[in-house]
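Only one structure is covered here, and it is reproduced in the block below.
Here, each number is a calculation from the coordinates, and none is a lab measurement. Just so it is clear, the model here is predicted, and its values are computed rather than measured. Cβ coordinates were reconstructed from backbone atoms using ideal geometry, including for glycine residues, and neighbour counts include every protein chain displayed.
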Amino acid sequence: MYPRAINKLPSLAKLTICLMITPLIGFQIQYPRLAAQETEPRSNPPFFERYSDWPEDLKIQGTLLVAESIEGLKPFIAELNRSPNKLKQWVIVGPHKLAQSMLADPAAAPSEYSPSEYSPSEYSPSESSPSASLERLTWTPKLDAVPEPEPQSMLLVCDDRLAHEIPDEFWSSTADIMRRYLALGATVGFVGPASVAMGKTYSKPDPKSPQNAPKLAQGLGLFPDAWIHFTDQGDCDANLCHAMQADARTVLIGISKDSAMVLQGRKGTVYGPGAATAWVPAHQHLPEASQRIETRGLKNRNAPENFLLDWTQWRRQAIERTLEIFPPAERQTPNVPNGTLIIVGGGGMPSGLMQRFVDLAGGEQAQLVYVPCSEDDDMSSDTRLLELWKQMGAKSCSLLHTKNRQVANEDQRFLEPLEQATGIWFGGGRQWNLADSYYGTKAHLLMKQVLTRGGVIGGSSAGASIQGNYLARATPIENFRIMAPGYERGGLGFLNGVAIDQHFTQRRRQKDLRSLVETYPQMLGIGIDETTAILVQQSTAEILGPGTVTFQWQDESSRQIGEFIGSQGQQFDLATRMELAQPTEKTDSLKTKTPKDP
């Protein structure tokens, strides 16, 4: 109602209106922090991240082995016998001569192991046997006689036929039994040329093809998204490379015929004298990529990428070849329209910053969620931060952690704390874990909506890098490289157009940030020292703590690298790439801004 209209009312009516309005005004002044709890949200920004952009099953349960021959398997068996965590039971399916050759040469085989060619048998190893650590070895020529799985067991299926020569019924039974063993964390393996069928797809001869082009067949998918083949040198067959379609979301992997490839969880290794090579094709804006690994030894023991590959990262590289260009070619304006980001460089917190996080989230009305960054499935004991928040007077404190993307996308009980949250804190660790768990899920959407409601998101170390839309230093094998193909898209995107690195000057990462900005001139690089943070509201970043924060970018007109290194109290405009004047009374108000009405 307009003031002139009120003035024309009788005195009694004026008094009535004043009595109605005064309590509402008082409520807003006395309890501004409750605003974030209103049920009607602001209109949410578009959610660009997609659940399908990430593998749903991040790793296999147990261990999977593929080898073309018994000779290729023997180095793996030798390693098993040296391991302190030895298997207790072997189950071997296939011709008895193949089973016998796994234990020893026929002349040295234990006398009590004499299986008939047709009847299943059990064998208790003698002390002189290479498998003396076993409690039981079962051999059978038929799959239907395989015993029930146990966690400390290994199932090996041996067959010297080609994959397309084996009946479908055999493959169906093999897949069912192997999945049961893997579900308990056991080891399963296929020995023989047909082990190529363990992948997503495999090639078989096509007599009708005049150019000997491979004909594709569907595999069992136990080695997820793999196209397996064996070569003399463990490289990738050129014919298969030409046949691979970039939109197949498949990784071609060549394995030496004299070696075995082992996938445990998500890590791939080679046993034997040969090698293995993972490869994905070029596609539009992305070049072809490959990684060759060999058995770990004295020469390469200090270079993990020479003997270990992360299969989830390679699957992500295959998926990336089906998506739009990333990062976007056009420069994005870093901006937080509502709410606040607190981004800490690791190694400790600036004095008073956690209390400020709680105050920004609503103080006594704050509903806080802690999201650890870990590869472990269970982080329920990591409650120190929750206890600190309780001491600071927060209304509610929850820990949220999962390594299951389906849970993060569908489990309403899991998602419930995010629906009411006014503040989220991401822990330190290896930032690719957070991308694996949450990218594109409903949990990710709800995290962004905390900002839309005017809340606060903070994090340190990995919890800092995850806040940009470009995920810096996300290599699952070590973290020496700032650019990680397959994981660059993995940031949760609370602040677009930036790549954030941490432990910056302490670990001498200045050249890394410059190389990223030179590679992606549309990005703003941010390097944050330990015990130092930036507080971001809209496009203003205020520096807090004893260290420095480095901002690097490429000038659009001169193409030169620009840089600003700021310290405590200085402010930087992320949109214009310029230092701001020292805080005034107006800018000081940013420091204590609480969640707004939705």
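Extension gain for the segment ASP377 to ASN85, taken as residue separation times 0.36 nm less the Cα-Cα distance, is 103.0 nm to one decimal.
Close amide H contacts of LEU155 (hydrogens built in the peptide plane, cut-off under 5 Å, sequence separation of 5 or more or a different chain): VAL91, THR187, VAL188, GLY189.
With K and R counted +1 and D and E -1, the other residues having a Cβ less than 14 Å from that of MET354 yield a net charge of +1.
Modelled label positions at THR452 and HIS285, each set 7 Å beyond Cα in the direction of Cβ, lie 2.5 nm from each other.
Positive contributions from Lys and Arg (+1) and negative ones from Asp and Glu (-1), summed over other residues with Cβ under 13 Å from the Cβ of GLU150, come out at +1. As an exercise, use a Förster radius of 51 Å and the Cβ-Cβ distance of ALA217 and SER351 to find the FRET efficiency, rounded to the nearest 0.05. The computed FRET efficiency comes out at 0.20.
Each label point was placed 7 Å from the Cα along the Cα-to-Cβ direction; for LYS142 and GLN412 their separation is 4.9 nm.
The slack in the chain from GLU419 to ASP57, taken as 0.36 nm per residue of separation less the alpha-carbon distance, amounts to 127.8 nm. Dipole orientation for the stretch 338-586: of the candidates LEU574, THR531, VAL450, LEU574 has the Cα lying most toward the positive pole (charges on Cβ; Lys, Arg +1; Asp, Glu -1). Taking the stretch 529-558 and a reference point 7 angstrom along Cα→Cβ of ALA575, the backbone N atoms nearer than 14 Å belong to 537-541. Each peptide among 165-178, 502-515 gets the average number of other Cβ atoms lying within 10 Å of its residues, and from highest to lowest they stand as 502-515, 165-178.
Spin-label pair GLN152-ASN239: with each label point 7 Å from Cα along the Cα-Cβ axis, the two points sit 4.6 nm from one another. ALA533 sits among other residues whose Cβ lies under 11 Å from its own Cβ, and their net charge, with Lys and Arg +1 and Asp and Glu -1, is -2.
Peptides 387-396, 527-536, 359-368, ordered by how many other C-beta atoms sit within 10 Å of their residues on average, highest first, read 527-536, 359-368, 387-396. Hey, for a label at ALA183 modelled as a point 7 Å past Cα toward Cβ, could you say which residues of the stretch 140-165 have their backbone N under 12 Å away? So the set is 149.
Calculated from the alpha-carbon coordinates, the stretch 338-586 shows an Rg and a Dmax of 17.2, 53 Å respectively.
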